[in-house]
Amino acid sequence: MSSETDESTSTDFIREKVRADNASNKFGGRVQTRFPPEPNGYLHIGHAKSICLNFGIASDFDGVCNLRFDDTNPETEDQDYVDGIIEDVAWLGFTPGEVLYASDYFEQLYQWAVSLIEKGLAYVDDQTAEQISENRGGFTTPGTNSPWRDRTVEENLDLFARMRSGEFPDGTHVLRAKIDMSHENMQMRDPVLYRIRHAHHVRTGDEWVIFPTYDFGHGQGDAIEGVTHSICTLEFETHRPLYDWCLENLELPFEKPEQTEFARLNLTHTITSKRKLRSLVEDGVVDGWDDARMPTLRGVRRRGYPPGAIRAFMDHIGVAKTNSTHDMELLESFIRTELNQTSLRRMAVLRPLKLVITNWPEGKVDMREGINNPEDESAGTRPVPFTGELWIEQDDFKLEPPPKYYRLTPGREVRLRAGYFITANDVVLDDDSNVVEVHCTYDPETAGGQAPDGRKVKATIHWVSAEHAIDATVNLYERLLLDSHPGADGSDPLSSLNPNSREVLTDAKLEPALADVARGQVVQFERLGYFAADLDDPSVFHRTVGLRDEWANIQKRRQS
């Protein structure tokens, strides 16, 4: 697996193919794609690439893209996942032509399987899954024919019908394609087409006890719907000969669709295995599929990622034929760029320290003017109350400052953002000699942060009026996985879990304008970063990204 080290956009060979197909009038100039998730979990950031590609191609070529659920495995699928996937696709900004289900085609698929048996191209096998796997052979050794491979058509039809009727227990019989047990492609060595599953299906209930495999349902679903370009990730490249074999041996209602593979999305510090993500949820490592640390679309939505920034990122990295890994910092740079343009500015103090202005007129409230967004003049300004008791960040005061520390210390003058110049004079300590209160004086001639005599200060700090402050809880996040390429060395990807991936600050103080923040709204806490109001409780905020452009720093280091 290579690593993406520059900002070049990959050639979109799939759109080039669609353009060439249209020029040759292939499929009659018609373009139809589909996004076919299995509803056995929630969508993750990797799925966003496939969603953007399939829906984007349909939009670019005046076609249609459907959302089709590959619901052929009743033991792992759930209606909650179906509903969540529909919501996530809509949130990302796309509207399917139709919402379809592979289970809608169970009767047609069954009849097609019967037709393969009648042609002598499929047979019922009594071997166990372990025996089938063992007899498949290896990459350098041919497989061994099943002892049941030469059953008559009549025997196979009878057994397959009895499989459907529920006569046999799970695992006792499967339907396999009769292709070639010495084929160089392991997928073509008599693959399983149907298996028995006595399990309740979320849509068909108990009507069916046999279910098609992905390889038998996928291509046929494409054909039934009229898909022209079946776009899959690279791991399905070896499945393409079987995809074509099935379609070539069936009578189709449309032209045979074509499968094309592209490189999936890999991001540093990220895993997209549903099995691994499920274990994070089930083991209580995270709070759920929508935990803001999760790479699920529900998780990044809670964290405040704008869908437009995700789409822009996917467009930037392009569509490649070989796998590569992109830096998470690159995605975050797209998030930061959009939020810089759209987010309101507000002041918040995450680790509060009381600041008392000793010469402030008692009871006075001075309404200062705060700019809502310097990138958008139409956003206007807001009043910010300034009083004699403020909250500032603990890090903005040092009793014994280290070298090159320019913020508030005893005897030093600094600027309060949109406020006044202040000078620290005294402190109050607790029993452990920790500073719990800073006393200072202000210069009333410096309203707005400018001194009439032209004197300068080296630091500006933010603040919140103690009298008007809103209490909030703020979640700060670090990487959930410390390893930049988790599992690349063959180890368990979850072995690099960061035990300090979330810090919860329960005593944050916010300016009063944040009382009207909408659920999910992202605002910039000045000097601190971008923070999203929780989707359920807007008194809780999640840090989306910081202000520093780490991607730019990475590029500078690579160029040096």
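The values are calculated or read from the model by the stated rules, or taken from the named source; none is laboratory data. Being a predicted model, the structure only gives us computed values, none of them experimental. Cβ sites come from the backbone with ideal geometry, for glycine too, and all protein chains shown count toward neighbours. Accessible surface areas use protein heavy atoms only, side chains included; no ligands, DNA or RNA. Shrake-Rupley method; radii C 1.70, N 1.55, O 1.52, S 1.80 Å.
Remarks
- Candidate set: the range 367-398, residues that are open to solvent by 80 Å² or more (accessible area, probe 1.4 Å) and among the aliphatic types (A, V, I, L, M); chosen: the one farthest from ILE461 (Cα to Cα): MET367
- For the range 72-110, the set of residues classified as within 19 Å of the chain's Cα centre (by Cα), in a helix (DSSP H, G or I) and among the hydroxyl-bearing types (Ser, Thr, Tyr) consists of TYR81 only.
- Against the numbered list (1) open to solvent by 30 Å² or more (accessible area, probe 1.4 Å); (2) more than 25 Å from ALA161 (Cα to Cα); (3) not in a loop (DSSP other than H, G, I, E, B), ILE224 comes up short only at (2).
- A Cβ distance below 8 Å, combined with a sequence gap of six or more or placement on separate chains, defines the contacts here; from the range 12-32, residues that are without any contact (Cβ under 8 Å) to a residue 60 or more places away in the chain reach no residue that is of a type outside the set (Phe, Trp, Tyr) and open to solvent by 50 Å² or more (accessible area, probe 1.4 Å).
- Residues (among the aliphatic types (A, V, I, L, M) and buried (at least 16 other Cβ atoms within 10 Å of the Cβ)) located in the range 232-267: LEU242, LEU247, LEU250, LEU252, ALA263, LEU265, LEU267
- Close pairs from the range 318-347: first at pLDDT 95 or above, partner of a type in the set (S, T, N, Q) and part of a strand (DSSP E or B), Cβ under 6 Å, at least 6 apart: SER343/GLN524; ARG345/GLN524
- Taken together, LEU481, LEU510 contain a single residue that is touching a Lys or Arg at 6+ places or on another chain (Cβ under 9 Å), closer than 20 Å to GLY304 by Cα and either surrounded by fewer than 16 Cβ atoms within 10 Å (Cβ to Cβ) or at pLDDT 95 or above (or both), which is LEU510.
- Taken together, the criteria place VAL31 among residues that are aliphatic (A, V, I, L, M), open to solvent by less than 50 Å² (accessible area, probe 1.4 Å) and more than 22 Å from LYS274 (Cα to Cα).
- Answer from ARG311, ARG278, ARG293 - the residue that is in a loop (DSSP other than H, G, I, E, B), open to solvent by 20 Å² or more (accessible area, probe 1.4 Å), of a type in the set (D, E, K, R) and on the phi < 0 side of the Ramachandran plot: ARG293
- Taken over the range 115-136, the criterion of being in contact with a Gly (Cβ under 9 Å, 6 or more places away or on another chain) and not charged (D, E, K, R) is satisfied by THR128, ALA129, ASN135.
- Residue within the range 62-71 that is within 22 Å of the chain's Cα centre (by Cα) and in a loop (DSSP other than H, G, I, E, B) present: yes
This table checks each residue for (1) closer than 27 Å to ASP483 by Cα; (2) within 18 Å of the chain's Cα centre (by Cα).
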residue: ALA320; (1), (2): yes, no
residue: SER324; (1), (2): yes, yes
residue: MET328; (1), (2): yes, yes
residue: PHE334; (1), (2): yes, yes
residue: GLU338; (1), (2): no, yes
residue: THR342; (1), (2): no, no
residue: ARG345; (1), (2): no, no
residue: LEU350; (1), (2): no, no
residue: LYS354; (1), (2): no, no
